[in-house]
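Values in this text are rule-based calculations from the coordinates and carry no lab data. Please read these numbers as outputs of a predicted model, since none were measured by experiment. Note that each Cβ is placed from the backbone with ideal geometry, even for glycine, and that neighbours are counted across all protein chains shown.
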Amino acid sequence: MSHNLVSLTKAIIPASLHPTLGRLRLRLAPRSTPRFQNWRYKEWPVLQCDIAYNALGGYCVPLSSRHRYAAQVILRGNVYESHTIDFIVQNAKDGDVVHAGAFFGDFLPALSRACAPLRKVWAFEPDPENYRCALITTLINDLQNVSLMNAGLGDTRGVAKLVTHDEAGKSLGELSHIQLHHPSPRPVEAVTVEMVTIDETIPADRKVSILHLDVEGFEQQVLTGALTTIRRNRPFLILEDVPSEDWFAKNLSPLGYRVDRRIHHNTLLVPDRTS
């Protein structure tokens, strides 16, 4: 068995079984080679990642995002946005959870366990690298009730440009975002990604209890594509960015939604269940 295969085999064993190997780095190509420099989306798409653990599970963290805050928290063995996770765990109850963007799956182990039997997590991540890492995270934790899709959410089905790196060439990680305007005059790295809507993706017979959207300013578009699901289920809405006042007044106020409080950098919107 090759060294890399041995490392991968060890990486998917729970940390409790190998306490001295709490974090293993998978290096599947020498970093000094020209192919490594071209690996991410191009002719040699070899995944470069760290395997890390915290109290909630194991994670596949992309090396390109090790400088990002969410990745650093996980790599130190801590829980990222613990209060947000706690709220979802306490309120998922007997409904499904919609979660976007998933990044490398830092929320997935906790959300998976929060769901009642026969309920599931619908997770969306448009970035190809992050999606592959999130997929490995689901495998490390054996998350049988997670439906992970390599797509972005919006108000219509189609394609869009996802900005993945800043102008200096550094990975944006959890800050990757849909390009809303004309490209920057300075070069940035962007990839074409599939876009879907919640209403067309989540079956009408599924009960949804929570929508958690961390989509870097694209929340209003995602909510527009989820209005049928929202009207039918009245889920809790956890949003990094709230929609405009006019949009809120037209679409969410009639359903009895109001701003409840902040959880980390998110805004919690709760519905009036009697309206």
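For region 56-210, what is Rg from Cα atoms divided by 2.2 N^0.38 Å, rounded to two decimals?
On the way: Rg = 15.7 Å, N = 155, 2.2 N^0.38 = 15.0 Å.
That ratio works out to 1.05.
Where Rh denotes the Kirkwood radius from the mean inverse Cα pair distance, what is Rg over Rh for region 120-171? Display every interim value, and only then the final one.
On the way: Rg = 13.1 Å, Rh = 12.5 Å.
Taking Rh as the inverse mean 1/r over Cα pairs, Rg/Rh reads 1.05.
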What is the extension gain from Thr228 to Leu118, computed as 0.36 nm multiplied by their sequence separation minus the C-alpha to C-alpha distance, in nm to one decimal? 37.4 nm
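Place the peptides 132-138, 46-52 in order of packing, highest mean first, counting for every residue the other Cβ atoms within 10 Å and averaging per peptide. Please list the in-between numbers first.
On the way: 132-138: 24.3, 46-52: 21.0.
Most protected by this proxy first, the peptides run 132-138, 46-52.
Could you work out the percent of alpha carbon pairs in region 77-147 separated by over 20 Å, rounded to a whole number? Working shown, then result.
Values: 556 of 2485 pairs.
Of all Cα-Cα pairs in region 77-147, 22 percent lie more than 20 Å apart.
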Evaluated over region 144-275, the Cα radius of gyration and Dmax, each in Å: 15.9, 51
Distant-in-sequence amide H partners of Met149 (H built 1.01 Å from N, under 5 Å): Ala123, Phe124, Glu125
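How much length would be gained if the chain were fully extended between Ser253 and Glu200, taking 0.36 nm per residue of separation minus their Cα-Cα distance, in nm to one decimal?
On the way: separation 53, 0.36 × 53 = 19.08 nm, distance 2.32 nm.
Roughly 16.8 nm would be gained on extension.
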Gyration tensor (Cα) of region 74-118, equivalent ellipsoid semi-axes in angstrom: 19, 11, 9
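How much length is gained if the chain between Leu175 and Ser244 is pulled fully straight, taking 0.36 nm per residue apart and subtracting their Cα-Cα distance, in nm to one decimal?
Details: separation 69, 0.36 × 69 = 24.84 nm, distance 2.07 nm.
Taking Leu175 through Ser244 to full extension adds about 22.8 nm, to one decimal.
If r is the Cβ-Cβ distance from Ser82 to Val159 and R0 is 35 Å, what FRET efficiency results, to the nearest 0.05?
0.50
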